[in-house]
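Report on the following structure.
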């Protein structure tokens with residue numbers, strides 16, 4: 001019997017050696033990231049402001065004061081604009097008073113009525129064709145000496161130079177007053193002229 005068991009044992013061993021190996025723990029697959037090349041920087045153009053189109057309508061317009069001598073006119077619907085610049089020494093303190101009711105003119109001042117050389121002038125600016133007109137030299141050539149003849153005594157001091165300087169300050173404050181007529185045909189203004 002042992003003789004029969006030996007071939008059976010050999011057969012089992014042979015069959016066992018052909019069997020698949022027991023499963024071993026497998027590693028979980030890991031993702032591998034393929035290396036990518038970083039693109040080289042390319043030159044790009046710098047964005048620029050899109051130019052604003054010119055005025056597109058015949059009005060109404062919106063006038064915006066940027067500073068004493070720079071203005072922008074916009075179509076009421078925002079479709080276009082026009083920029084205006086008065087001379088460097090020009091100034092408009094209150095655009096509501098300076099613009100004519102018919103919106104054709106803008107009154108402005110240049111020079112000074114408070115400091116030398118006392119060269120205050122009133123000008124008109126045509127908003128349609130952008131031309132300037134000198135209206136008046138607002139101060140006489142003998143200013144401020146001509147104030148001393150007023151003989152007004154100031155309450156704060158009794159020195160004549162102090163009186164003259166006080167009058168000069170009051171004068172400078174009121175000399176740039178102006179007012180348009182309701183129809184925009186006339187302009188009333190203050191001046192120390194004949």
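Readers should treat all values here as calculations from the given coordinates under stated rules, not as data from a laboratory. Here the structure is a predicted model, which means the values were calculated and not measured. Methodologically, a virtual Cβ is constructed for each residue, glycine included, from the backbone with ideal geometry; neighbour enumeration extends over all protein chains shown.
A few notes on this one:
- Length available on full extension from residue 177 to residue 28: 0.36 nm per residue minus the Cα-Cα distance, which gives 44.6 nm.
- Modelled label reach - residue 84, point 7 Å along Cα→Cβ, the range 106-148 residues with backbone N closer than 12 Å: 106-108, 124-133
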